[in-house]
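Peer 1: My questions all concern the structure below.
Readers should treat all values here as calculations from the given coordinates under stated rules, not as data from a laboratory. The model shown is predicted, which means the values in this text are computed figures rather than measured ones. Here the Cβ positions follow ideal geometry from the backbone for every residue, glycine too, while neighbour counts run over all protein chains shown.
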Protein chains: 2
Amino acid sequence: MDSVLQIAKRAREASYNLATRPAEMKNLALKRIAEVLVERADHVISQNAIDLEHAKNKGLSKAMLERLALSHEKIQGIAKGVYEVCDLHDPVGEIMESAVRPNGLKIEKVRTPIGVIGIIYESRPNVTIDCAALCLKSGNACILRGGSEAFNTNMALAEVIAIALKGSGMDEACVQIIPTADRSALNELLKLDQYVDCIIPRGGEGLIRFVVENSTIPVVKHYKGVCTVYVDKFANPVTADILTVDSKTQRPSVCNAAENLIVHADIAEKFLPQIAKLLAERGVELRASERAGAILKRSGIEFVKAAEEDFSTEYIDLIIAIDIVGSVDDAIAFINKYGSHHSDLIVTEAREPAEKFLNGVDSATVYWNASTRFTDGFEFGFGAEIGISTDKLHARGPMGLKELCSYKYKIRGDGQTKGKPIM
Amino acid sequence: MDSVLQIAKRAREASYNLATRPAEMKNLALKRIAEVLVERADHVISQNAIDLEHAKNKGLSKAMLERLALSHEKIQGIAKGVYEVCDLHDPVGEIMESAVRPNGLKIEKVRTPIGVIGIIYESRPNVTIDCAALCLKSGNACILRGGSEAFNTNMALAEVIAIALKGSGMDEACVQIIPTADRSALNELLKLDQYVDCIIPRGGEGLIRFVVENSTIPVVKHYKGVCTVYVDKFANPVTADILTVDSKTQRPSVCNAAENLIVHADIAEKFLPQIAKLLAERGVELRASERAGAILKRSGIEFVKAAEEDFSTEYIDLIIAIDIVGSVDDAIAFINKYGSHHSDLIVTEAREPAEKFLNGVDSATVYWNASTRFTDGFEFGFGAEIGISTDKLHARGPMGLKELCSYKYKIRGDGQTKGKPIM
């Protein structure tokens, strides 16, 4: 079995070559991955069955088993995703900026692959193919380390990728999967900053925290989403109803769903009972602050008393925490304090509080009169995404192919020297 | 004395306000810093004298003492630098990209400050004012932690900054200096990822390594520069002489000076003796590989035999390691293996090897026929720089005001929902 160090060294070697491959060659390899995946679907599914059996014996939840399970239909969907990545524009080599300096130097800032990316994820085996495709397309070698529950599935997918790379004249080391579910292998990988340029952990907060605390490689984090809807005193109440319900209930299990609702005091008496009923009808549990609770109580609406930590909790469930604020400034301060700097919304018809909110809320995405649920790479027109960064360095918000890139400066001269030339 | 935790919390609070301050207000504060610095120069110099006295007693080298020492002239120079930062364009609020999506959502990608930046540096006290100015201008709160040798100087500079901030209506917490030279304070700071967004260490490899290994906050690294000059077989030998001498000797103590010279085998017999003489005349020690040494020997030129590690050593001194390669591909492989991905040069008159080199060398800055010494923010037209990143995430190469920024997405809608609207 290859050691993690060998894998990382081979990835580094392969990355230099991959970085200069033309789009056509990368696309050919992507198409082969999709084809081989479908050809070998039976084998992948049989290996997936072994993982599912183990998972059942270990007593994994139904939701976890569903995430883990592959079917012919799911495999078709994964293959379709690879073809879509294939169709995207290749970001590598794009000239981002250029200038001619007074001394005649021609400077070009050119988009390049990052190099070697390590991706650490949990149960979903579709991540294996999705991430491999995005990294290949953006010219990055990748090292994938999936969860132990999907071990056999991932090894079968590793074979698919290796066959496809070989068949299209690419180095198999462009995509490698760590062939062990051992945590010590992860620990080893996280220290190999000489060979790996970036780590992207995809999974729960515990996994991300572990990676951050143990990695000497830069990490692009995808932490939780504690998103807030703020209904301003100048809100159109119908728009506020529609956007609050969509942000909270359209898909409560994802990071861009709303977890908090805060309402301007001037309209709370009228607006809160109305939205509370709409949410309660959709099975949403209401957790209200003292002030918000007093209003709900007077209207005879059931609620739970909120503790302070409720306002910084990611429920990813049909629960919403509710509070009242005295001004747009208070709303901004509330969100910067309790939110997770992900996606936040102001509902208002007035430009002034809206612009104040858009400027003052320190989040990756700030909305004026639109659902928080739009924060993703597809909705932004990126065509794909590897995740949603909650970091402020490198990439913030949805990460597409461009965000999987770095850049270099190419400088063309005709003999320019910093000092006086010697002849 | 304030704890590091209190400092970090206050910086985070101040950062929200600072992020929305207009350029005029930030410029006013910058001008006050320059003015107060000059007004209080005597006091700063008297505190600096205490540090110098300690440093002499501790037996610091002459070079270190020179770096530490402040004079009225140096202080004038630092103040001038602050005025120059003042005159630069404010990057905050720039619209980097914008799009209207098919559903009518207007998406703007807007440049924002990063938030709170921690800067860890060693002896030079000018870094205190330079970094404070760059962070303020880019809307970032900063926490500065200088070296113990400059402790009294830095505390006097902290007073200067505090007086200036107060006098211009800004929160003093926008720039804070950790008031202890204790290493435990640094350790504590490096774990406060809840309050600090980014760490920039400026100093030797040991300091940077310490920060990388102990920080849970993202670090933008400024590692060493092992830069290589490659003289291709199609090089104009005069251009090659001029550029090799400038890259190596114009200022050997800096990271963008060349440390390696590699020459195409086809021209080595003729070119090597000629450049070796020019370098030796300028006091440069030559460390030659076996093949390169054989040629030098035949010409009767003195040299030292190079060990493999010489080719990945940052001398920052009048020493150069020399080898011979068989092709531009070998040159690229040599640089990617031994170099530090900083600044590398090909000297050639032929476009094909030049473009191959510019694409294939995995460095922040790659030159065709110009000295490696141009890698800095001033030469690139940034107007200022906080350093030269050797990272590939966030910023690569010279870091100016733009590279001290993050971005956010502002999205303006008119009630768009992801699901079917409820009414």
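Peer 1: Pairs A:LYS408/B:LYS26; A:LYS248/B:LYS9; A:LYS410/B:LYS337; A:LYS418/B:LYS74; B:LYS356/B:LYS408: which exceed 25 Å Cα-Cα? If you can, show how the numbers build up before the last one.
Peer 2: Details: A:LYS408/B:LYS26 31 Å; A:LYS248/B:LYS9 31 Å; A:LYS410/B:LYS337 20 Å; A:LYS418/B:LYS74 23 Å; B:LYS356/B:LYS408 36 Å.
The pairs that break the limit, which is 25 Å between Cα atoms, are A:LYS408/B:LYS26; A:LYS248/B:LYS9; B:LYS356/B:LYS408.
Peer 1: Please compute, over every Cα-Cα pair in the protein assembly as shown, the percentage with a separation greater than 46 angstrom.
Peer 2: Values: 105769 of 357435 pairs.
For the protein assembly as shown, the fraction of Cα-Cα distances above 46 Å is 30 percent.
Peer 1: Go through chain B and flag any cysteine with no other cysteine's C-beta closer than 4.7 Å, please.
Peer 2: By the Cβ distance rule, which asks for a partner under 4.7 Å, the isolated cysteines are B:CYS86, B:CYS131, B:CYS174, B:CYS198, B:CYS227, B:CYS255, B:CYS405.
Peer 1: Relative to the other copies, what are the label-point distances for A:GLU281, with labels 7 Å from Cα along the C-beta vector, expressed in nm at one decimal and sorted shortest first?
Peer 2: List, nearest first: 9.1 nm.
Peer 1: If you don't mind, another one. Reachable lysines from A:LYS305, Cα under 16 Å, same-chain residues fewer than 8 places away excluded?
Peer 2: A:LYS297
Peer 1: Please give every one of the aspartates and glutamates within straight-line cross-link reach of B:LYS392, meaning a C-alpha to C-alpha distance under 14 Å, and leave out same-chain neighbours fewer than 8 residues apart.
Peer 2: Here the aspartates and glutamates satisfying the reach criterion relative to B:LYS392 are A:ASP193, A:ASP197, A:GLU403, B:ASP362, B:GLU403.
Peer 1: Can you tell me the mean projection area, over all orientations, of the convex hull of region A:335-423's alpha carbons? Units nm², please. Intermediate results must be reported in sequence, preceding the final value.
Peer 2: Values: hull surface 41.2 nm².
Spelled out: convex hull of the Cα atoms, projected over all directions, averaged, 10.3 nm².
Peer 1: Something else: What's the average, rounded to a whole number, of partner chain beta-carbon atoms within 10 Å of each residue's beta-carbon in B:358-367? Please report the intermediate quantities before stating the final value.
Peer 2: Values: counts 7, 8, 4, 3, 11, 2, 5, 5, 6, 7.
Across the residues of B:358-367, the mean count of other-chain Cβ atoms within 10 Å is 6.
Peer 1: What's the center-to-center distance, using Cα atoms, between region A:371-407 and region B:144-221 in Å?
Peer 2: 31
Peer 1: For region A:278-359, max minus min Cα coordinate along each principal axis, in Å, sorted largest first?
Peer 2: Sorted largest first, the three principal extents are 35, 26, 23 Å.
Peer 1: Can you give the charge dipole size of region B:163-216 about its Cα centre, rounded to the nearest 20 debye, using +1 on the beta carbon of Lys and Arg and -1 on the beta carbon of Asp and Glu?
Peer 2: Here the size comes out at about 140 debye.
Peer 1: Can you give the FRET efficiency to the nearest 0.05 for B:SER98 and B:VAL38, using r as the Cβ-Cβ distance and R₀ = 35 Å? Walk me through the intermediate numbers first.
Peer 2: Working: r = 43 Å, r/R0 = 1.23.
After rounding to 0.05, the efficiency reads 0.25.
Peer 1: Apply the a/c threshold of 1.5 to the C-alpha gyration tensor of chain B and tell me whether it is rounded, prolate or oblate. Write out the running numbers ahead of the final one.
Peer 2: Details: a/c = 2.35, a/b = 1.40, b/c = 1.67.
Taking the square roots of the gyration eigenvalues as a ≥ b ≥ c, chain B is oblate.
Peer 1: Another one. For region A:313-343 and region B:235-272, what is the separation of their C-alpha centers, rounded to whole Å?
Peer 2: 59
Peer 1: Give me a single rounded figure for B:370-381: the average over its residues of other chain Cβ atoms within 10 Å of their Cβ. Intermediate values should be presented prior to the final figure.
Peer 2: Values: counts 14, 9, 2, 4, 10, 3, 1, 0, 0, 7, 7, 6.
For peptide B:370-381, the averaged partner shielding equals 5.
Peer 1: Quick check on packing: order B:90-99, B:244-253, B:162-171 by the mean number of other C-beta atoms within 10 Å, highest mean leading. Please list the in-between numbers first.
Peer 2: Values: B:90-99: 14.7, B:244-253: 21.7, B:162-171: 18.0.
Top of the packing list down: B:244-253, B:162-171, B:90-99.
Peer 1: Also, I was wondering about something else. Given the options B:ILE324, A:VAL36, A:ILE422, identify the residue whose Cα lies farthest towards the positive end of the charge dipole of the protein assembly as shown (+1 on Cβ of Lys, Arg; -1 on Cβ of Asp, Glu).
Peer 2: Result: A:ILE422.
Peer 1: From the backbone phi of region B:338-351, what are the Karplus-calculated ³J(HN,Hα) couplings (6.51 cos²θ - 1.76 cosθ + 1.60, θ = phi - 60°) in whole Hz, Gly and Pro given as x?
Peer 2: My calculation for region B:338-351 gives 9, x, 10, 6, 9, 9, 9, 10, 10, 9, 6, 9, 9, 5 Hz in order.
Peer 1: On to the next question. Peptide B:112-118: average number of partner chain Cβ atoms within 10 Å per residue? Present the calculation step by step, with values, prior to reporting the outcome.
Peer 2: Values: counts 5, 2, 4, 3, 1, 0, 0.
Mean shielding count: 2.
Peer 1: Can you tell me the dipole magnitude for chain A around its Cα centre, using point charges on the Cβ only (Lys, Arg +1; Asp, Glu -1), in Debye to the nearest 20? Please report the intermediate quantities before stating the final value.
Peer 2: On the way: 51 positive and 57 negative charges, 235 e Å.
Result for chain A is approximately 1120 debye, rounded to the nearest 20.
Peer 1: Let me ask you something else. How many angstrom lie between the Cα centre of region B:6-26 and the Cα centre of region A:40-96?
Peer 2: Their Cα centres are 45 Å away from one another.
Peer 1: Under the √(5λ) rule applied to the eigenvalues of the Cα gyration tensor, what semi-axes describe the equivalent ellipsoid of region B:106-166? Give them in Å, descending. Before the final figure, lay out each step's value.
Peer 2: Working: eigenvalues 150, 33, 12 Å².
Sorted largest first and rounded, they come to 27, 13, 8 Å.
Peer 1: Where both residues lie in region A:227-374, what percent of DSSP beta bridges are antiparallel, nearest 5? Spell out each step's value before the answer.
Peer 2: Values: 0 of 24 bridges.
Just about 0 percent of them are antiparallel.
Peer 1: How high is the relative contact order of region A:227-374, given as a whole-number percent (alpha carbon pairs under 8 Å, six or more residues apart)?
Peer 2: Values: 300 pairs, mean separation 49.0, N = 148.
Computed over region A:227-374, the figure is 33 percent.
Peer 1: Next question. Which translational diffusion coefficient, to the nearest whole µm²/s, is obtained for region A:227-374 from the Stokes-Einstein equation, given a Kirkwood hydrodynamic radius over C-alpha pairs, 25 °C and 0.890 mPa s?
Peer 2: On the way: Rh = 14.5 Å.
Once the numbers are plugged in, D ends up at 169 µm²/s.
Peer 1: Only four residue types carry charge here, +1 at the Cβ of Lys and Arg and -1 at the Cβ of Asp and Glu. Report the dipole size of region A:1-154 about the Cα centre in Debye, rounded to the nearest 20. Kindly include the intermediate steps, with their values, before the conclusion.
Peer 2: Working: 21 positive and 19 negative charges, 89 e Å.
Computed charge dipole of region A:1-154: roughly 420 debye.
Peer 1: May I have the pair-distance distribution P(r) for region A:25-103, computed from all Cα-Cα distances with 10 Å bins from 0 and rounded to whole percent?
Peer 2: With a bin width of 10 Å, the distribution comes to 15, 30, 23, 15, 8, 5, 3, 0.
Peer 1: Taking a label point 7 Å out from Cα toward Cβ, give me the nm distances from B:ILE316 to the same spot in the other copies, shortest first, one decimal.
Peer 2: Its label point is 4.6 nm from the equivalent points in the other copies.
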